[in-house]
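To keep things clear, I will list the structure first and then write my remarks on it.
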């Protein structure tokens, strides 16, 4: 820990660096709601605070400092680069990447060496941004680093130097409003710049009292910076804020930037050839990532829906936010109408990963499925992903309800539960997670029923209570067209599959009351299999009428049309949605599969 006030702090080691970082990080996390609220540039999606908090949280939670300044700087840089989120988060990560790269192999660093390292690190930040804009975090970092570099001979004590730099930070932050019209229009400072100032403020707070125990228990306090009572809404030009981790790139930074600029704006490329973190605002993420896969391994992808985020801040229709995962099969028009937040599940083709329905559309998935040598695998949504979106939503809504695919099929539900508990404690707002015990269309119907209840302004607790009954009323019946996909996906052994194929057996798959997949029936022809599905539909509605139903298919409109015709006769209703079935089902049911999901009254 840094020495007491009476002693001069002339050098920092790795532990000092870590504690200072934690102090700054805690301050940012404590003020993330305020940063979200003033976020209007480059897009008013209200998530700068959440993104910065997510970027730095991993360092606090998982990193252990080394005595060496260099080793700790390297560890912090790598952790931030891997976990960086949002435009400001990646710029912040690139700043630390530059600090790491430019630091010599030092166990301890003196003020002169630190100042020179900071000065060189600024170049990394500007080079990472395709179109550097002054009046943002870039400016504040540069002017702060310039002050420290220009006064490096004046100070021999880190405490005095950091305290002396604070006036420069405040002035630089205040001037962002005059440098960017959008900030002046909204009467706010730049959110990313303020985040950096809060980070340094946290460090200054710590070096004033040097109480490590108090640091760990750090509480939110007023930042004392300009606030605005009302924002002016701006149009969202590109829908998705996309990010990726590109490993072992075969293209230089400049060329990569030029490619990315063809798909959108706010392009940031951080890191080096071995590990590049990219950020782009685009409306065509699937097309962009299809191109990117030829220039390295897509080890990670993220795509935040900025339209939905902007609606949360400026145009939210309801008091309760509704979240689900991408296995939920509903028409996009319904998702948009009810402002439902979708978290995509990751699908891996070999070493490349994609985001279900966003960076990989169902149509693309099924084309790839027949030609792939590495059979696709899905990854559950992790706790941090849920924590990030829940944190953002509780900043703007009274509460959150998340509906997720069956806990018997994926750990996604349990990740959501853990995240909900953490966010609910942190923000003191209700965050409830519902196990749909289904997926695809049955999950979609549950989400729709809850969305309609939210629209009717039914209280949060009552909706959660009613949802348990709705779960029991949902059914799904999947016709498998070719069991080779179940064999390749490991759902059937090779021997079982061989016998079934020789006998031309094709199963009907469903879910039991606990949400576990079961083989419900089997048939020996396409026609018989279709009729089996409808037969089970009829049995399921003997005790009650159909509230709504969804028809799904895996590039098989012929089956879908037949189901619709039959369901019209049975229910007298049109399907609420007709969709290309979720790839999570499609990976096992295969191309040509089809299904009906329904909920009874």
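The values are calculated or read from the model by the stated rules, or taken from the named source; none is laboratory data. Please read all numbers here as calculations on a predicted model, not as lab measurements. Cβ sites come from the backbone with ideal geometry, for glycine too, and all protein chains shown count toward neighbours.
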- Identify all residues within region 389-414 that are in contact with a helix residue (DSSP H, G or I) (Cβ under 6 Å, 6 or more places away or on another chain), surrounded by 24 or more Cβ atoms within 10 Å (Cβ to Cβ) and within 17 Å of residue 304 (Cα to Cα); write none if there are none. 390, 391, 392, 402
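Filter region 314-331 down to residues that are outside any strand (DSSP E or B) and in contact with a strand residue (DSSP E or B) (Cβ under 9 Å, 6 or more places away or on another chain) and give me whichever is farthest from residue 550 (Cα to Cα).
Ranking the candidates gives 319 first.
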- Query: For region 287-297, does any single residue satisfy the condition of being in contact (Cβ under 8 Å) with a residue 24 or more places away in the chain, touching a helix residue (DSSP H, G or I) at 6+ places or on another chain (Cβ under 7 Å), farther than 24 Å from residue 386 by Cα and surrounded by fewer than 16 Cβ atoms within 10 Å (Cβ to Cβ)?
  - Reply: yes
- Message: Looking at region 570-589, I want the residues that are within 28 Å of residue 375 (Cβ to Cβ) and in the same structural domain as residue 549 (by TED's automatic domain parsing) and have a partner that is at pLDDT below 80 and not in a helix (DSSP H, G or I) with Cβ atoms under 7 Å, at least 6 apart or on another chain. Which pairs are those?
- Response: 587/489; 588/489; 588/491
- Item | Yes/no for residue 303 being over 14 Å from the mean Cα position of the chain (by Cα) and not in a helix (DSSP H, G or I) | no
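State the number of residues belonging to region 186-204 that are touching a residue at least 60 places away in the same chain (Cβ under 8 Å) and part of a helix (DSSP H, G or I). Break it down into steps so the answer makes sense when it comes.
In the first step, residues of region 186-204 are kept if they are touching a residue at least 60 places away in the same chain (Cβ under 8 Å); the result is 186, 188-192, 194-196, 198-203.
Still in the list and also part of a helix (DSSP H, G or I): 186, 191-192, 194-196, 198-203.
Count: 12.
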